[in-house]
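I have placed the structure first, in the form of structure tokens, so that the comments after it can refer back to it.
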Amino acid sequence: MSLELLRDLASWACLLAGGGFCLVGGIGLLRMPDFYTRMHAASVTDTLGAGLILLGLLLQAGFTLIGAKLLMVGLLIFFASPTASHVLARAAMIHGLAPQLADSAEDASSKP
Amino acid sequence: MMFSAAALALLVTTALALVRATLGPTIFDRLQAVNTLGTCAMLLLAVLGFLGGRPEFLDLALVYGLLNVIGMVAVLKFFRHGGLGEAGE
Amino acid sequence: MLRSLSLFLFLSVFWLLLSGMPLPFLLAAGVGSALAVVWFAHRLDVIDHEGHPAHLVWHAMLSYWPWLLKEIAVSGWQVTRVVLDPRLPISPTLVRMRPSQTTDVGLVTHANSITLTPGTISLEVGSDEFLVHALTRDGAAGVQRGGAMDLRVRALESRPEKAG
């Protein structure tokens with residue numbers, strides 16, 4: 001009984017924290033000044049938010065087929081989201097969208 | 001209860017991403033917003049499956065995730081080679 | 001041959017987990033699909049150390065992924081603090097680095113790990129140079145040849161390859 005409760009508490013904490021990190025990503029998406037910095041905010045949603053929510057659901061599911069499918073969803077995000085981000089950032093770079101930099105001296109040398 | 005809280009957080013994130021997709025300003029910002037939207041939709045499907053006691057929703061989440069990635073790469077490929085109207089500023 | 005067998009086993013388990021219904025027809029369909037995919041992969045000639053890097057799996061899962069997860073958690077928390085800080089203390093920086101990996105699998109793993117860690121994104125990936133965008137100067141300082149991630153991916157890719 002108490003083990004059940006402990007598991008539920010852990011899973012709820014994960015779900016709440018995951019939701020929180022997703023929100024942080026959304027807020028960052030609005031607050032950040034340019035495209036490349038927005039990407040960093042969005043990657044919080046993709047990694048920590050998604051990971052913690054899936055972990056919370058996994059604790060509820062246990063070692064079942066549902067748990068295995070949750071793991072597959074997690075692995076899919078784990079492998080696919082950096083690829084999508086990289087493709088997007090590279091496309092922006094090729095298009096000539098220059099990032100705002102803190103040190104403008106480096107800006108000249110970094111143009112492709 | 002906690003499932004509802006997570007679902008609510010995901011819905012708010014979706015709304016924030018929609019605002020970014022509307023504001024732009026470049027097409028890449030919109031695509032980034034759509035990408036985030038896709039991740040949120042995927043997670044929302046998973047959470048809703050647990051909320052309603054219908055774990056079959058996870059299959060939908062998997063398919064949605066796959067389509068999300070493929071769609072993103074396809075749009076960018078098209079954008080690079082075929083153009084997508086007035087891009088950029 | 002060994003690689004084809006391991007790919008077949010992997011695909012069969014994948015099918016079983018997805019379907020979850022051990023009916024004879026579905027099992028037969030699963031075996032048929034797995035065989036077809038192995039055959040296609042054989043014809044495409046992608047069952048090699050790159051298309052199915054089975055020799056890396058155990059070391060990756062037991063040693064590299066846990067470290068990467070810890071790294072993601074730490075830098076995710078840093079980015080979260082930056083986003084929620086009212087002053088928004090960002091200092092976006094571009095870094096060029098020369099990765100020490102030699103194989104394609106190692107280079108891709110390294111680039112994907114950089115992108116997966118919040119706060120750094122790989123913009124351009126080549127065999128001799130990465131162009132990385134970092135949210136803060138501190139984040140940029142962590143990305144360099146001989147850095148922790150570089151060394152770990154180097155150790156991961158230099159696992160001896162079994163014959164097969």
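The values are calculated or read from the model by the stated rules, or taken from the named source; none is laboratory data. These numbers come from a predicted model, not from an experiment. Because the Cβ atoms are built from the backbone with ideal geometry, glycine has one as well, and the counts that use them run over all protein chains shown.
In the stretch B:34-52, the residues that are within 10 Å of another protein chain (Cβ to nearest Cβ) and without any contact (Cβ under 8 Å) to a residue 40 or more places away in the chain reach residues that are assigned to a helix (DSSP H, G or I) and of a type in the set (D, E, K, R) with C-beta atoms within less than 6 angstrom, at least six apart or across chains, in these pairs: B:T39/A:D46. Of the residues making up the stretch C:11-31, those that are among the small types (G, A, S) and part of a helix (DSSP H, G or I) are C:S12, C:S19, C:A28, C:A29, C:G30. Of the residues making up the stretch C:124-139, those that are surrounded by fewer than 21 Cβ atoms within 10 Å (Cβ to Cβ) and either of a type in the set (A, V, I, L, M) or more than 17 Å from A:P99 (Cα to Cα) (or both) are C:V125, C:G126, C:S127, C:D128, C:E129, C:L131, C:D138.
Screening A:A61 on (1) in contact (Cβ under 8 Å) with a residue 60 or more places away in the chain; (2) under 22 Å from C:L18 (Cα atoms) shows it passes everything except condition (1). Might you check whether a residue that is in contact with a Pro (Cβ under 6 Å, 6 or more places away or on another chain) and either within 28 Å of C:R137 (Cβ to Cβ) or assigned to a loop (DSSP other than H, G, I, E, B) (or both) occurs anywhere in the stretch C:64-78? Checked the stretch C:64-78: at least one residue is in contact with a Pro (Cβ under 6 Å, 6 or more places away or on another chain) and either within 28 Å of C:R137 (Cβ to Cβ) or assigned to a loop (DSSP other than H, G, I, E, B) (or both). Which one of the conditions (1) surrounded by fewer than 17 Cβ atoms within 10 Å (Cβ to Cβ); (2) more than 8 Å from chain A (Cβ to nearest Cβ) does C:M149 fail to meet, given that it meets all the rest? Condition (1) is where C:M149 drops out.
Of all residue pairs spaced 6 or more apart or on separate chains, those with beta-carbon atoms under 7 Å, a first member in the stretch C:145-164 that is modelled with pLDDT of 75 or more and a second member that is aromatic (F, W, Y) are C:R152/C:Y64; C:R152/C:W67; C:L156/C:Y64.
When residues in the stretch C:102-133 are screened for being facing chain A (nearest Cβ under 7 Å) and in a loop (DSSP other than H, G, I, E, B), 2 of them pass. Helices (runs of 4 or more DSSP H) fully within the stretch A:1-99 that include at least 3 residues being within 7 Å of another protein chain (Cβ to nearest Cβ) and modelled with pLDDT under 85: A:65-95.
From the list C:V46, C:V38, the lone residue that is more than 14 Å from chain A (Cβ to nearest Cβ) and either within 30 Å of A:L29 (Cβ to Cβ) or part of a helix (DSSP H, G or I) (or both) is C:V38.
Scanning the stretch C:74-90 for residues that are surrounded by 16 or more Cβ atoms within 10 Å (Cβ to Cβ) and either facing chain A (nearest Cβ under 7 Å) or hydroxyl-bearing (S, T, Y) (or both) turns up C:S75, C:G76, C:V79, C:T80, C:V83, C:I90. Pull up the stretch A:32-63, narrow it to residues that are of a type in the set (S, T, N, Q) and touching a Gly at 6+ places or on another chain (Cβ under 7 Å), then point me to the one that is surrounded by the most Cβ atoms within 10 Å (Cβ to Cβ). Across the stretch A:32-63, the extreme among qualifying residues is A:T45.
In this structure, C:P99 does satisfy being under 30 Å from A:A42 (Cα atoms) and touching a His at 6+ places or on another chain (Cβ under 7 Å). Answer yes or no as to whether C:P99 is part of a loop (DSSP other than H, G, I, E, B), out of contact with any Ser or Thr (no Cβ under 7 Å at 6 or more places or on another chain), closer than 29 Å to A:L29 by Cα and in contact (Cβ under 8 Å) with a residue 40 or more places away in the chain. No, not satisfied.
For the stretch C:96-123, the candidate set comprises residues that are β-branched (V, I, T) and under 22 Å from A:D34 (Cα atoms); within that set, the residue that is surrounded by the most Cβ atoms within 10 Å (Cβ to Cβ) is C:I114.
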